[in-house]
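J.: Dropping a structure here in structure tokens format, bear with me for questions.
The values are calculated or read from the model by the stated rules, or taken from the named source; none is laboratory data. Computed from a prediction, not measured in an experiment: that's the story for all the values here. Cβ coordinates were reconstructed from backbone atoms using ideal geometry, including for glycine residues, and neighbour counts include every protein chain displayed.
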Amino acid sequence: MTHIVLLDPVAPDRLARMADFLPQGWRLSNAASRDAADQMAALSGADFAISGDMPVDAAMMAVPRLQAVHKWGVGFDNLDLEAARRHGVRVLRTTGSNATAVAETTLGLILAVNRNIARGHLAVRQGAWPKGELGATSTTLTGRTVGIIGMGYIGKALAGLLGGFGCTVIYNKRSPLSAEEEAAINARFQPLDQLLATSDVVTLNCELNSSTANLIDRDRLALMKPDAILINAARGGVLVETDLADAIRQGRLRGAGIDVFSVEPILPDNPLLDLDRVILTPHLAAMSADSLQPTIRRMFGNFKAIADGISPDAIDILV
């Protein structure tokens, strides 16, 4: 029986919903925990694996019978692609499948930080009523300049949402879009340092790779307006978290919304945990109950194609 293992531990009901879309005669199991030994045990005897943010290292790529690893999402920094090539393991990703969810979460974090929504919620739950205090530091998004670092599927979806707020959208990426693409999303390219200096909101929506690792550090944060905010729904490694914490603590940045971290789950000594002007979420931007079915069908369809000796959807292939 062909066996798929989901490496990221999930609730039993979610696994059951996924299993509804399995090809006939296939089975689906879940790793018991994020522990390395449990991850290896889960892979034992598996033909295919799915990873959200769980690392798949060289030893895991070498497990006998493993034919392919599917990334749930697009970022592949947690997958050892070189080891996959050595062992003949196909690596795929669901390009664009979570773009709307991540874009909406990014927008939600922008609004929550700007409008002090989370701080107000916690205060009311604790019996306080800081209407004047929080109102004095709340700002609107409408008409502001938003700088998007990364302009792939997610960045383009976010630009579309921001159009409804009348925002000026600027962006930076390695290769600028064509004039036609920029006109379609009403965004214009700017050099990174200029984007940082002119944006009221800076949002990270890029891949983590050798050119983006620690991209936003102390020096780049110093370029931003002191009343600007930073959102990271990309990868934790794009941002130097200690530098961000210092900037906010010292009043050099107004606030931040962070969904991804350099170490996940977040460590108890992470300096961002102590800052009330920072909203933290548990890497949930790509998660959406209503996008589960098409994403699962897509991944299982790619696995079935490989099992049948057919090439999977070319847009999804990494290795």
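J.: Taking Val5 as meeting all but one of (1) hydrophobic (A, V, I, L, M, F, W, C); (2) surrounded by 14 or more Cβ atoms within 10 Å (Cβ to Cβ); (3) over 23 Å from the mean Cα position of the chain (by Cα), write down the number of the exception.
T.: For Val5, the exception is condition (3).
J.: If you scan region 123-146, which residues turn out to be assigned to a helix (DSSP H, G or I), loosely packed, with under 14 Cβ neighbours inside 10 Å and under 31 Å from the mean Cα position of the chain (by Cα)?
T.: Val124, Arg125, Gly135
J.: Same structure, new question: Restricting region 49-81 to residues that are in a loop (DSSP other than H, G, I, E, B) and more than 28 Å from Gly155 (Cα to Cα), which is nearest to the chain's Cα centre (by Cα)? First the steps, then the outcome.
T.: Taking region 49-81 first, the residues in a loop (DSSP other than H, G, I, E, B) are 52-55, 57, 62-67, 72-78, 80.
Filter again for more than 28 Å from Gly155 (Cα to Cα), leaving 57, 62-67.
Numbers: Asp57: 20, Ala62: 27, Val63: 27, Pro64: 30, Arg65: 30, Leu66: 26, Gln67: 26 Å.
Applying the filter and picking the extreme gives Asp57.
J.: Just to verify a result, which residue in region 11-21, among those that are in a loop (DSSP other than H, G, I, E, B) and surrounded by fewer than 14 Cβ atoms within 10 Å (Cβ to Cβ), is modelled with the lowest pLDDT? Even if it seems obvious, please write down each step before you answer.
T.: Going through region 11-21, the residues in a loop (DSSP other than H, G, I, E, B) turn out to be 11, 20-21.
Within this subset, residues satisfying the condition of being surrounded by fewer than 14 Cβ atoms within 10 Å (Cβ to Cβ) are 11, 20.
On the way: Ala11: 92, Asp20: 95.
Among those that are in a loop (DSSP other than H, G, I, E, B) and surrounded by fewer than 14 Cβ atoms within 10 Å (Cβ to Cβ), it is Ala11.
J.: Also: So Gln194 ticks every box in (1) more than 23 Å from the chain's Cα centre (by Cα); (2) within 30 Å of Asp276 (Cβ to Cβ); (3) not acidic (Asp, Glu) but one. Which box is left unticked?
T.: The one condition Gln194 does not meet is (2).
J.: Exactly one condition in (1) among the charged types (D, E, K, R); (2) part of a helix (DSSP H, G or I); (3) within 20 Å of Thr105 (Cβ to Cβ) is false for Glu264; which is it?
T.: Here Glu264 meets the rest and fails (2).
J.: Further question on the same structure: Restrict the check to region 279-286 and report whether at least one residue is modelled with pLDDT of 95 or more and more than 17 Å from the chain's Cα centre (by Cα).
T.: Scanning region 279-286, I find no residue that is modelled with pLDDT of 95 or more and more than 17 Å from the chain's Cα centre (by Cα), so the answer is no.
J.: Follow-up question, since we're still on this one. Looking at region 31-48 only, could you name the residues that are touching a His at 6+ places or on another chain (Cβ under 8 Å) and not in a loop (DSSP other than H, G, I, E, B)? Talk me through it step by step, then tell me what you get.
T.: First, the residues of region 31-48 that are touching a His at 6+ places or on another chain (Cβ under 8 Å): 45-48.
The answer is Phe48, and nothing else.
J.: Which strands (runs of 3 or more DSSP E) sit wholly inside region 165-261 and have at least 1 residues that are farther than 16 Å from Ile148 by Cα?
T.: On the way: elements: 168-172, 187-189, 201-204, 229-232, 255-258.
In region 165-261, 255-258 are the strands (runs of 3 or more DSSP E) which contain 1 or more residues that are farther than 16 Å from Ile148 by Cα.
J.: Follow-up question, since we're still on this one. Looking only at region 207-216, which residues are touching a helix residue (DSSP H, G or I) at 6+ places or on another chain (Cβ under 8 Å) and at pLDDT below 95? Explain how you work it out, then say what you get.
T.: Filtering region 207-216 down to residues touching a helix residue (DSSP H, G or I) at 6+ places or on another chain (Cβ under 8 Å) leaves 208, 212-216.
If the condition is that a residue be touching a helix residue (DSSP H, G or I) at 6+ places or on another chain (Cβ under 8 Å) and at pLDDT below 95, then Leu208 is the only one that fits.
J.: Just to check your reading of the model, which residue among Arg297, Arg277 is among the basic types (Lys, Arg), more than 30 Å from Trp26 (Cα to Cα) and in contact (Cβ under 8 Å) with a residue 60 or more places away in the chain?
T.: On the way: Arg297 fails: more than 30 Å from Trp26 (Cα to Cα).
When all the criteria are applied, what remains is Arg277.
J.: Here's something else I'd like to know. Under 8 Å between Cβ atoms, which residue pairs at least 6 apart in sequence (or on different chains) link something in region 174-188 that is at positive phi with a partner that is in a helix (DSSP H, G or I) and aliphatic (A, V, I, L, M)?
T.: Asn186/Ala159
J.: Right, another one. If you take the residues in region 268-296 that are closer than 13 Å to Trp72 by Cβ and out of contact with any helix residue (DSSP H, G or I) (no Cβ under 8 Å at 6 or more places or on another chain), which one is surrounded by the most Cβ atoms within 10 Å (Cβ to Cβ)?
T.: To start, the set of residues in region 268-296 that are closer than 13 Å to Trp72 by Cβ comprises 283-288, 291-292, 294-296.
After this cut, where a residue has to be out of contact with any helix residue (DSSP H, G or I) (no Cβ under 8 Å at 6 or more places or on another chain) as well, the list is 283, 294-295.
On the way: His283: 18, Pro294: 12, Thr295: 20.
Per the criteria, the residue is Thr295.
J.: Separate question: Ala84 - would you say it is assigned to a helix (DSSP H, G or I) and out of contact with any helix residue (DSSP H, G or I) (no Cβ under 6 Å at 6 or more places or on another chain)? Break it down stepwise before answering.
T.: On the way: assigned to a helix (DSSP H, G or I): yes; out of contact with any helix residue (DSSP H, G or I) (no Cβ under 6 Å at 6 or more places or on another chain): no.
Here the answer is no, as Ala84 does not meet what is asked.
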